[in-house]
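> If you scroll down you'll find the structure; I have some questions about it.
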Amino acid sequence: MKIYDFLIIGAGSAGCNIAHYLQKNGKKIAVIDKEGIAGGGSGAAGAFLSPLPGKENPYNSFVNSALMYSLKFYEEFAPQALNKRGVLRVANNNFESEKLQSNSIKSRYLNTKELQEISQNFTQIDGYFYENAAILNPNEICKKLIEKCDFYKEDVSELIFEDGFYIFENFKAKTVILAQGVIKPLVQTPYIEISPIFGVKIDVKTTTKVPFNIHKSISISTNKSDGTVAIGATKERHDTAKMECITSCDKCAFYVNSEQGQIETLLREADELIKLENLEVVKIYRGARATIKSYFPVIGKVVNFNESLKKYPSIKNGTKIPPNLLEYYPNLYIINALGSRGFVLAPYLAKILGENILNDTPMPKELSSEKLFYKTARKN
Ligand SMILES: Cc1cc2nc3c(=O)[nH]c(=O)nc-3n(C[C@H](O)[C@H](O)[C@H](O)COP(=O)(O)OP(=O)(O)OC[C@H]3O[C@@H](n4cnc5c(N)ncnc54)[C@H](O)[C@@H]3O)c2cc1C
């Protein structure tokens, strides 16, 4: 039987980044994914790396720190997979001009005339240009991240823990990390309420040169290395309880019923920003991203909800029990809920989680599963 230090379930941006971090630190890693590498939400991603504008608050400070860390990481690790030409943000209902103006990240206002001097194809728009923004090739980056790990294309239906090891077919590992995205978690974590938000991305061929990425309610990329332009958005929130499955396959009720409409919306909204000449849709990607209410991702050890409450029922009434006294699943970690910024956050989160696992470095409270556990336990 082959023995690994870590078994990572999920080969998306989250799983591949933590796998890479631990492998680089001398650990032997197996990564498993039933859909292949970047076969879930990650393969459908833009993958745009952009700042989060607005007055400084804990969430955008976190995102923008992650962005600076991740841009540097990708530039050093896989410069060929990164295209860093900045982003133009055009005001919309979520990001009104005022919000785009008042932020801690440097930006430059470009009016319609200035934009049309850059490209005649810009429509009558204006916006704020941010230099520190890029687009990645999500498949290439995920593959490269785990090239020194063993990869297995398998579906893990349950976690078997015996004699200090998690056992899967003919191999075992001391520690498991769940990086499952929107898929039902392999252990019960009622305090992590993931809602999937579905989206579509298209690659289009065009003779137009798009000078930089453009974001409004949709995102348009600059021309990628093969000349195509990506246009994408994730907007459709669905109640998973009412859905039979949440895969990205074209038999999914969600895509059967609404994909064409989504593509038309993407093309119409893109056309309101820049005229893409001789346009032809060459590829359609489908995927769902995992989000929780707080918007912050979740990383760290996985609290055993039922056992912790059995041991300390008074938690429900607000009694403060410190995290180190809670019950945890043995040697089990999670990295999930990366929201709409999986490629911005994952390298940064992998560093924080990796340091915590290897050196016991404390983790920011807002990212921990304990915080969600206490909140849910008290609500119950
Ligand atoms: C259309 C779209 C556009 C997006 N655009 C951007 C963007 O521009 N920039 C950005 O940063 N982010 C973007 N995102 C978000 C980003 O894709 C996600 O945040 C990121 O992919 C999350 O990565 P993940 O590894 O957590 O999940 P996933 O990539 O979904 O990976 C989870 C994997 O786990 C596997 N898995 C789960 N359970 C099991 C099991 N039991 N056995 C085996 N395998 C299992 C699944 O098959 C899946 O492949 C976008 C998402 C979508 C859908």
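> Lys174 fails exactly one of the following numbered conditions: (1) within 26 Å of Ser340 (Cα to Cα); (2) more than 14 Å from the ligand (Cβ to nearest atom); (3) not assigned by TED's automatic domain parsing to the domain that holds Leu273. What is the number of that condition?
Condition not satisfied by Lys174: (1).
> Step by step: first the residues of region 358-369, then only those that are assigned to a helix (DSSP H, G or I) and over 24 Å from Asn64 (Cα atoms), then the one that is least open to solvent (accessible area, probe 1.4 Å). Which residue is that?
Initial filter on region 358-369 (assigned to a helix (DSSP H, G or I)): 358-359, 365-367, 369.
Those left that are additionally over 24 Å from Asn64 (Cα atoms): 358-359.
Details: Leu358: 58, Asn359: 107 Å².
Among residues in region 358-369 that are assigned to a helix (DSSP H, G or I) and over 24 Å from Asn64 (Cα atoms), the one least open to solvent (accessible area, probe 1.4 Å) is Leu358.
> Sticking with this one: Could you count how many residues in region 318-342 are open to solvent by 30 Å² or more (accessible area, probe 1.4 Å), in contact (Cβ under 8 Å) with a residue 40 or more places away in the chain and part of a helix (DSSP H, G or I)?
3
> Sticking with this one: With respect to Leu345, is the statement that it is out of contact with any Phe, Trp or Tyr (no Cβ under 8 Å at 6 or more places or on another chain), among the hydrophobic types (A, V, I, L, M, F, W, C), assigned to a helix (DSSP H, G or I) and over 30 Å from Ile135 (Cβ atoms) true?
Values: out of contact with any Phe, Trp or Tyr (no Cβ under 8 Å at 6 or more places or on another chain): yes; among the hydrophobic types (A, V, I, L, M, F, W, C): yes; assigned to a helix (DSSP H, G or I): yes; over 30 Å from Ile135 (Cβ atoms): no.
In short, no.
> Follow-up. For region 284-311, give me the residue count where each residue is open to solvent by 70 Å² or more (accessible area, probe 1.4 Å) and at pLDDT below 95. Break it down into steps so the answer makes sense when it comes.
Applying the first criterion (open to solvent by 70 Å² or more (accessible area, probe 1.4 Å)) to region 284-311 yields 293, 295, 301, 306-307, 310-311.
Filter once more, so that each one left must be at pLDDT below 95: 293, 295.
Summing the residues that are open to solvent by 70 Å² or more (accessible area, probe 1.4 Å) and at pLDDT below 95 in region 284-311 gives 2.
> Shifting gears a bit: Output yes when any residue across region 149-167 is touching a His at 6+ places or on another chain (Cβ under 8 Å) and away from the ligand (no atom under 11 Å from the Cβ), and no when none is. First the steps, then the outcome.
Within region 149-167, the first condition is being touching a His at 6+ places or on another chain (Cβ under 8 Å), and the residues that meet it are 149.
Next, only the ones that are away from the ligand (no atom under 11 Å from the Cβ) stay: 149.
Yes; the residues of region 149-167 include at least one that is touching a His at 6+ places or on another chain (Cβ under 8 Å) and away from the ligand (no atom under 11 Å from the Cβ).
The values are calculated or read from the model by the stated rules, or taken from the named source; none is laboratory data. Note that the structure is predicted; figures quoted are calculated from it, not measured. For neighbour counting, all protein chains shown are included, and Cβ atoms are generated from backbone atoms with ideal geometry for every residue, glycine included. Please note that ligands, DNA and RNA were not included when accessible areas were found on the heavy atoms of the full protein model with its side chains. Shrake-Rupley method; radii C 1.70, N 1.55, O 1.52, S 1.80 Å.
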